[in-house]
Amino acid sequence: METRTWSSLVGSATLSRYTEKEKNRQEAIYELIKTEAVFVENCQMILQVFYRELEPVIGPRASRIVFANVEDVMLFGATFLSALERRQVQSGSYHVTSVGDIVLDYMQGVHVFRPYCTNQANASRALHDLKLRPAVANLLNGLKVKGLELEHYLLQPMQRLTRYPLLIAQIIKYTDEASLDAHRLANALKKVQDVLTATNEAVRKQENDFALMSISEQLVIPGSDVKFSLATKTRFVGARRLVREGVLTKGRTRKRLRVFLFNDFVLLTREVGGQLEMYRAPMALEECQLVPGRDAQSFLLRHHHESFLLKLPDPSRNSADPWIADFDAARKDVFKALLALRARRGLAMAPF
């Protein structure tokens, strides 16, 4: 990667004419242009090397899952870079007087990243499964660019999207806040932040949906053939969401349980023969209490007349505090939803 700075491109006599603030502004603009060039090159590597070699082997359907709309993302980056470089050339001396109009124009189309980024988990799982095929594994083992594998390059669009706000904010920092350029840059920053927020929320939802589906497929109820689907709405708090999971040990028996904390109940399971056997029926959060144990690695889960002393398996590295904090937050949300529901129905609710 090119490490030159804006200052290294201009002569010392020219450089001496600018204030420190303006020098920093030019460095920030140059950083945006320089890193956009690297990003476009990485996208070209995805298409010209990895996609071209893989598509004949894995087929068009699998290629769409792995590579999504990377061609659209590359086109966005290439045209954005072209506009920035034209402005740079027009200056005649690498001194870019204004850049806000270009950045604002292109950040209005930055939503092109969202389909790619929200597909990233699917792409990763698909690629993992494809590499179980010897022909694909052998091809990818010998297919590297600058010593880096396909997985590295597939992460580039998401990383670029998360970096745009930082790069734009850095230019704003050194731009006269009363200027038109600052106003345009601020609008561009808001647009990309909105897209990034929506993208992150979509990614979290997709990952949560996959986790619920995966757990449901493994979950069995002892003595019953009934399948328990977790990918449903809760009674009070909207869509079900996995908050935390982990393998914990139970009390003196040291029995290993895989525990799932959802936003509406706690589920205790045992791993048996590659499946998750339900150890207890789901325990609604509004019916549970969770209190710290005698040490920092344990907590007591109380449900009606039963109590479960649960402990993290590695006392030297883990603390039960995150479990307790997540449980308290989820339980609080349940009670808030219950209070709102009963208020709408005109019912009183006992203190908790």
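Tell me whether the stretch 262-276 contains one or more residues that are more than 29 Å from Lys336 (Cα to Cα), of a type in the set (A, V, I, L, M), modelled with pLDDT under 95 and part of a strand (DSSP E or B).
Within the stretch 262-276, one or more residues are more than 29 Å from Lys336 (Cα to Cα), of a type in the set (A, V, I, L, M), modelled with pLDDT under 95 and part of a strand (DSSP E or B).
Acidic (Asp, Glu) and either modelled with pLDDT under 95 or buried (at least 17 other Cβ atoms within 10 Å of the Cβ) (or both): is that true of Asp321 in this structure?
Numbers: acidic (Asp, Glu): yes; either modelled with pLDDT under 95 or buried (at least 17 other Cβ atoms within 10 Å of the Cβ) (or both): yes.
Yes, satisfied.
In the stretch 116-174, which residues are polar (S, T, N, Q) and more than 26 Å from the chain's Cα centre (by Cα)?
Those that are polar (S, T, N, Q) and more than 26 Å from the chain's Cα centre (by Cα): Asn138, Asn141.
From the list Leu290, Leu212, which residue is closer than 30 Å to Arg342 by Cα, assigned by TED's automatic domain parsing to the domain that holds Asn122 and not in a loop (DSSP other than H, G, I, E, B)?
Numbers: Leu290 fails: assigned by TED's automatic domain parsing to the domain that holds Asn122.
Just a single option satisfies the conditions, and that option is Leu212.
So, Val96, is that one outside any helix (DSSP H, G or I), more than 21 Å from Leu154 (Cα to Cα) and over 26 Å from the mean Cα position of the chain (by Cα) or not?
Criteria met by Val96.
Looking at (1) surrounded by fewer than 18 Cβ atoms within 10 Å (Cβ to Cβ); (2) among the charged types (D, E, K, R); (3) at pLDDT 95 or above; (4) over 26 Å from Met45 (Cβ atoms), which one does Arg184 not meet, given that it meets all the others?
(1)
Among Thr175, Thr162, which is out of contact with any Gly (no Cβ under 7 Å at 6 or more places or on another chain), at pLDDT 95 or above and under 21 Å from Phe76 (Cα atoms)?
Being out of contact with any Gly (no Cβ under 7 Å at 6 or more places or on another chain), at pLDDT 95 or above and under 21 Å from Phe76 (Cα atoms) holds for just one of Thr175, Thr162, which is Thr162.
How do the pairs read when you match residues in the stretch 253-265 that are more than 14 Å from Ala284 (Cα to Cα) and outside the structural domain of Phe335 (by TED's automatic domain parsing) with residues anywhere that are hydroxyl-bearing (Ser, Thr, Tyr) and modelled with pLDDT under 95, using Cβ under 9 Å and keeping only pairs 6 or more apart or on different chains?
none
Give all pairs with beta carbons closer than 8 Å in which a residue from the stretch 330-352 that is modelled with pLDDT under 75 meets a residue that is surrounded by 12 or more Cβ atoms within 10 Å (Cβ to Cβ); count only pairs at least 6 apart in sequence or on separate chains.
Pairs found: Ala348/Arg342; Met349/Leu338; Met349/Leu339; Met349/Arg342; Phe352/Glu286; Phe352/Phe335.
Tell me, yes or no, whether the stretch 301-309 has at least one residue that is assigned to a strand (DSSP E or B), in contact (Cβ under 8 Å) with a residue 12 or more places away in the chain, more than 25 Å from Gln206 (Cβ to Cβ) and among the small types (Gly, Ala, Ser). If you could, list the steps in order and put the result at the bottom.
We begin by selecting, within the stretch 301-309, every residue assigned to a strand (DSSP E or B); these are 301-303, 306-309.
Keeping just the survivors that are in contact (Cβ under 8 Å) with a residue 12 or more places away in the chain gives 301-303, 306, 308-309.
Then drop every residue that is not more than 25 Å from Gln206 (Cβ to Cβ), which leaves 301-303, 306, 308-309.
Keeping just the survivors that are among the small types (Gly, Ala, Ser) gives none.
No, the conditions are met nowhere in the stretch 301-309.
In the stretch 22-33, is there at least one residue being under 19 Å from Val195 (Cβ atoms) and not in a helix (DSSP H, G or I)?
The answer is no, given that none of the residues of the stretch 22-33 is under 19 Å from Val195 (Cβ atoms) and not in a helix (DSSP H, G or I).
Taking only pairs six or more apart or across chains, which ones have beta-carbon atoms under 8 Å, a first residue in the stretch 59-79 that is in a loop (DSSP other than H, G, I, E, B), and a second residue that is β-branched (Val, Ile, Thr) and surrounded by 15 or more Cβ atoms within 10 Å (Cβ to Cβ)?
Asn69/Val112
Please verify whether the stretch 146-158 includes one or more residues that are over 26 Å from Lys205 (Cβ atoms), buried (at least 17 other Cβ atoms within 10 Å of the Cβ) and of a type in the set (S, T, N, Q).
Scanning the stretch 146-158, I find no residue that is over 26 Å from Lys205 (Cβ atoms), buried (at least 17 other Cβ atoms within 10 Å of the Cβ) and of a type in the set (S, T, N, Q), so the answer is no.
Right, Ile221: without any contact (Cβ under 8 Å) to a residue 60 or more places away in the chain and within 30 Å of Ile102 (Cα to Cα) or not?
So Ile221 does not fit the description; no.
Phe80: surrounded by 15 or more Cβ atoms within 10 Å (Cβ to Cβ), modelled with pLDDT of 95 or more, over 30 Å from Leu130 (Cβ atoms) and among the hydrophobic types (A, V, I, L, M, F, W, C), yes or no? Let's see the steps before the verdict.
On the way: surrounded by 15 or more Cβ atoms within 10 Å (Cβ to Cβ): yes; modelled with pLDDT of 95 or more: yes; over 30 Å from Leu130 (Cβ atoms): yes; among the hydrophobic types (A, V, I, L, M, F, W, C): yes.
So Phe80 passes the test.
Select, from Lys227, Lys233, Lys205, the only residue that is within 30 Å of Arg345 (Cα to Cα) and of a type in the set (D, E, K, R).
Answer to the check: Lys233.
Is it fair to say Ile102 is of a type in the set (A, V, I, L, M), over 25 Å from Ile172 (Cβ atoms) and either buried (at least 17 other Cβ atoms within 10 Å of the Cβ) or at pLDDT below 95 (or both)? Let's see the steps before the verdict.
Working: of a type in the set (A, V, I, L, M): yes; over 25 Å from Ile172 (Cβ atoms): no; either buried (at least 17 other Cβ atoms within 10 Å of the Cβ) or at pLDDT below 95 (or both): yes.
No; evaluated as a whole, the condition is false for this residue.
Under the condition of being in contact with a Lys or Arg (Cβ under 9 Å, 6 or more places away or on another chain) and in a helix (DSSP H, G or I), which residue from the stretch 171-181 is surrounded by the fewest Cβ atoms within 10 Å (Cβ to Cβ)?
The selected residue is Lys173.
Being surrounded by fewer than 16 Cβ atoms within 10 Å (Cβ to Cβ) and basic (Lys, Arg) is the filter here, so list the residues in the stretch 32-68 that pass it.
Arg52, Arg61, Arg64
The values are calculated or read from the model by the stated rules, or taken from the named source; none is laboratory data. Here the structure is a predicted model, which is why all the values come from computation and not from measurement. Here the Cβ is made from the backbone with ideal geometry for all residues, glycine too, and neighbour counts use every protein chain on show.
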